[in-house]
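See below for the structure under consideration.
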Amino acid sequence: MAVKLELYRVFREVAETGNISLAAKNLYISQSAVSQSIKQLETALQARLFARSPRGVSLTSEGQMLYEYVRSALSLLSSGEDRLSQARHLLVGSLTIGASDTVTAYFLTAYLERFHREYPGIRLKIVSGRSAKVLSLLKSGVVDIAFASTPADKTNLSVWPCFQTHAAFVAGSGYDCDFDHVYTPREIADFPLILLERKASSRVFLERVFLQYGVTLTPEIELSSRSLLVSLSRIGLGVAGVTLEFVRDALESGDIRLLNIGFDIPARSVDMCTVEGVYPTAAASRFMEMVREGTQ
């Protein structure tokens, strides 16, 4: 295919100059090489492409028909090469990131702002979803980068830890509980609990931790929104299981308060994930570089 393509390049140059010696000069090859290329192409296509005369060469009717297609095809190839070069230099292109709304707001916004400011020609797309969803989209090629809780199965994934999260329990500042008391797993479980829905990775993690203490969590309210955890605990509907890093503003405002716990809940990590062995686009590479620089 590479040889045939070069023959077409020679064919176009001869067709446009109408002169083999001038075509050879423009292509930086010998006249004999140009003549041989035209002969090879005519033999391969079984068609006479040029009429020869003392004044030069001109396209035959078959040559003219072929020229229209060759000119368009080579022009498209040239445009594609230019576009690819622009993408490599981050002048054009796209970048699709998968992350939850919370991670986007808490962690990614600053990186997205900087990237967009430095590379305005790159189209940014954010696909929202919990960890399991965005990791599935990553593996299927829908997103270039996924930000998710450390996956249990890291097979074929490249993982970069970005920040740690810590589970905590909060209640409205006027809730009927003793904020100075140090609560056991059993005592926490006995409260009217407000938790994320069962499919949320943080909920799954929390249930596993409590099971290690022999306690099963049975929430009275299950939600899909992290912000509602704070809202409903604030008005006194129960004790909410939250991620500490995502509720600091509400804690600082005094709307909710932390309950003291006398047992260990291990920290978790939110990671930047890509598919191992898949060469990233220039845009994805640069965004990942920014995140690594900011999280070292």
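For the pair segment 78-102 / segment 188-226, the C-alpha centres are spaced 41 Å from each other. Sites listed here are trypsin sites (Lys or Arg not before Pro) in segment 65-162 whose DSSP assignment is loop and whose Cβ has at most 14 other Cβ atoms within 10 Å: Lys154. Put simply, the amide H of Phe50, placed in the peptide plane, has neighbours under 5 Å in Thr60, leaving out anything fewer than 5 places away on its chain. Only helical runs count toward this figure. For the chain, summing -39,500 (n - 2.57) over DSSP H runs of n ≥ 4 and dividing by all residues gives -14000 deg cm²/dmol at 222 nm.
With a cut-off of at most 16 other beta carbons within 10 Å, and DSSP calling the residue loop, which trypsin sites (Lys or Arg not before Pro) in segment 174-218 qualify? Please list them.
Working: sites: Arg186, Arg198, Lys199, Arg203, Arg208; in loops: Arg198, Lys199.
In loop regions of segment 174-218 (DSSP not H, G, I, E or B), the sparsely surrounded trypsin sites (Lys or Arg not before Pro) are Arg198, Lys199.
Using a simple spin-label model with pseudo-atoms 7 Å out from Cα toward Cβ, Arg9 and Ser136 lie 4.7 nm apart. Relative protection proxy for 9-16, 260-267, 273-280, from highest mean packing down: 9-16, 273-280, 260-267 (other beta-carbon atoms within 10 angstrom). Count Lys and Arg as plus one, Asp and Glu as minus one, and take only other residues whose Cβ is under 14 Å from that of Ser100; the net charge is then +2.
Sort 286-296, 229-239 for me by packing, meaning the mean count of neighbouring Cβ atoms within 10 Å per residue, highest on top.
On the way: 286-296: 14.2, 229-239: 19.2.
Final packing ranking: 229-239, 286-296.
The Cα atoms of segment 1-65 give a gyration tensor whose axes a ≥ b ≥ c have a/c of 1.5 or more with a/b no greater than b/c, which makes the shape oblate.
Where the only charges are on Cβ atoms (+1 Lys, Arg; -1 Asp, Glu), what is the dipole of the chain about its Cα centre, to the nearest 20 debye? Display every interim value, and only then the final one.
Values: 31 positive and 31 negative charges, 352 e Å.
With Lys and Arg at +1 and Asp and Glu at -1, about 1700 debye.
For the chain, lysine pairs separated by 8 or more sequence positions, or belonging to different chains, with Cα-Cα distances below 26 Å total 12.
FYI, it's all coordinate maths here, none of it is from the lab. Please read these numbers as outputs of a predicted model, since none were measured by experiment. Positions of Cβ are generated from backbone atoms using ideal geometry, with glycine treated the same way; all protein chains shown enter the neighbour counts.
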